[in-house]
1. Might you work out the accessible area of B:THR180 for me, using a 1.4 Å probe with all protein chains in place, and round it to the nearest 10 Å²?
2. Whole number in Å², please: accessible area per residue of the protein assembly as shown, 1.4 Å probe, ligands, DNA and RNA not counted.
3. Of the accessible area of segment B:113-264, with the probe set at 1.4 angstrom, what percent is carbon plus sulfur?
4. Could you give the semi-axes, largest first, of the ellipsoid that matches chain A, computed as the square roots of 5 times the alpha carbon gyration tensor eigenvalues and rounded to whole Å?
5. Quick one: how many Å² of A:SER343 are accessible to a 1.4 Å probe, rounded to 10?
6. With r defined as the distance between the Cβ atoms of A:GLU119 and A:VAL390 and R0 fixed at 45 Å, what FRET efficiency is calculated, to the nearest 0.05?
7. Against the 2.2 N^0.38 Å scaling, with N counting residues, where does segment A:127-249 land? I'd like the Cα-based Rg ratio to two decimal places.
8. What percentage of the solvent-accessible surface of segment A:2-165, computed with a 1.4 Å probe over protein heavy atoms, is contributed by carbon and sulfur atoms?
Amino acid sequence: MKIVLLGMNHRSAPVEIREHFAAEEMTLPEAVQDLAAEPEVSECVVISTCNRVEVVVATREPEGARAHLDDFFSRKLARGESLPGPGKLADYTYFHADEAAVSHVFRVASAIDSMVVGEPQILGQLKDAYRSSVEHGSCGPILSRLFQRAFATAKRVKNETQIAQRPVSVARVAVELARQIFEGLNDKKALMIGAGEMIEAALVALQREGLESLRVANRTRSRAEALAGRFGASAHDLDELDELLVDSDIVLSCIGGTGYSLDPRRVAKALKTRRNQPIFLIDIGVPRNIDPRVNDLDSAYLYDIDDLQEIAYSNAEERRREAVEAEKIVAEEQERLASWMVSLAAVPTIRHLRERVDTVRQQELERSLSKLALSDTQVEGVSALTRSIVNKILHHPLARLGAQTDREEGLAVVEEVRALFALDDSGAREGDGDPPE
Amino acid sequence: MIEFQQTAAAIYLAAGIFSLLGLALPAPWLGRLGVRLLALGAGVQGIAFASLHRMSPVPDLTDLLYTVSFSAWAAVLSLLLLMWRLRISGLTAAVGPLAFLAVFLPSLGGVPIADSGAPLLEGAVPHAHTLLSSAGLGLLGIAGLAGVFYLAEHRHLKSKRLVGRRLALPSLEALDKVDTAALVVGFPLLTLGLITGSAWLHASSGEFWVWTPHAIWTLVGWGIYATMAFARFGGGQSARQAAASSVGGFVFLFFAVVGVELLK
């Protein structure tokens, strides 16, 4: 049995191509069942996220399966106009087989292959895809084993490396910095100065943290009200800044105009009123909205967009370094799965060899017994004797077949045994048996 | 008793090492193990103190061995208590090794510290003085330690040199809360220690005060903490200033209580 994979991701295809292939939740189960019904496809799992569409298949005939996978992409997944023609699809997809396919699935699960290395969502999406395939009956023992090992690999990577430890977006960096200043964020109040897209993105991140209150102050009150309404925040005029500053723990500013909207004198006054309780100020405006000298105040911590981006870039670089360690774990786990696959390949040969030898034993036993006049007890004794002899002779070769872990050597031994005992003549092939657990 | 003290010291050291590894490596379980070991060390040290009452005769608690060791025990217990409410397990990385020194070194040989001006006297008052003063010293030690961590974290955040930093220290707010709580409890204990010391002196000599180095330095230390408490709760001192004061205050007080005796 082989594992093959056909996929399209953020590296192989631009978004204007990818968006035509994103799997539709409603029609996907039926399409997957159709694919699984093809004789060349034993099992299949479809992974569909914002950045990738991949179909993983367990098959005895990789070439035949490849044709079905191409067909699945171009007929079942593709929709809309200006699609790449059948010949062009290969330009935007990748095809992996055997170890490369296993390695790819492990790398995807461990978020090494993600656009943002180490992002945590992909593992959940992979688990959903696997669960859906199990529910629809398209996932069997081979892919179950593959995905279980992929989840275990992702867990190892998460625990043994720092790939997911550091935030890589400006908003997450700001939240992490706030956590270094404040013990918890759920009793903190945030003030947003401005009502643009950056403020909106920050509100999304801060709302997720469950702050006690969010306030939006803007020159145009109506814009502040419109934005605040969407996030359950209160809207204010810029004239109220001094009062708002007094009970704000986090201040995020991104507003147009020249001159600083907050200077050291204003912040110092607010700090005095709030008895020097610290304020975390984030200035993501260009030109800057907050006088950098505010950072000289004891209880004010000011970060501008460059400070945050420098940390974000550095963290992304750190994640890429950690990905090298993660690749080693993936290689180890890939090796373990390959050993299991080799032992799987030996199962039908072991079963077939047993059947062949037992058939010979029974034929010879019947021929001999027909010439002898033996009692039932004696027949039973002779039969047991022949079984015992056969078992002892077969013990070593069967044990060796079952113990093979090296793929090349393992397959060579299987072929040797099949040739020696002429097992191929009777039709049993590799992969016919049930996989061992 | 000494065996229990030394066992507790070894456990404290292990707690500190595991906690430090937990801070530096991507393995939070090491930090959790460090905290559990710290609690185990406190338990063993508690058994050590309990075993004192089985000794015959019951030894006098007013010597350096017990004073410093009891201070460390009070510090560890107060830290464990604060950990219920605050994410400050990172402090174990410093408290563990310091508790090891405070428990192990005195266990190598007791040094008398009874020169508070009062002669040795059996009864509750001398022991109350030792226990209250030691507990106060331990708590103010925790305040000082939180202050050191606060200043380091504050410096990092102000300088914005966070790139490549691996140590995950407690938040500034948590450290400030530790500093405040330790001062709120530690300073009254120190005050009660001074009052019981004076009562001890009066019971033995009829005087409430004698001008010995131990008494003078301790009184000045108390004065420093009284000023700090006023600045903190009445004067709107910033958290950074409070942290710096806690560090300086503890260095002075430690010298007043332990250093002066060792220099004699």
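The values are calculated or read from the model by the stated rules, or taken from the named source; none is laboratory data. Remember, it's a predicted structure, so these values are computed and weren't measured experimentally. Backbone-built Cβ (ideal geometry, glycine too); neighbour counts: all protein chains shown. Heavy atoms of the whole protein, side chains included, go into the accessibility calculation; ligands, DNA and RNA do not. Shrake-Rupley method; radii C 1.70, N 1.55, O 1.52, S 1.80 Å.
1. Using a 1.4 Å probe on the heavy atoms, I get roughly 30 Å².
2. On the way: 33080 Å² over 701 residues.
That works out to 47 Å² per residue.
3. Values: 4630 of 6480 Å².
The nonpolar share, carbon plus sulfur, comes to 71 percent.
4. On the way: eigenvalues 871, 117, 59 Å².
The answer is 66, 24, 17 Å, longest axis first.
5. 30
6. Values: r = 57 Å, r/R0 = 1.26.
Efficiency at R0 = 45 Å is approximately 0.20.
7. On the way: Rg = 21.4 Å, N = 123, 2.2 N^0.38 = 13.7 Å.
Relative to the rule-of-thumb radius for its length, segment A:127-249 sits at 1.56.
8. Details: 3630 of 7410 Å².
That fraction is 49 percent.
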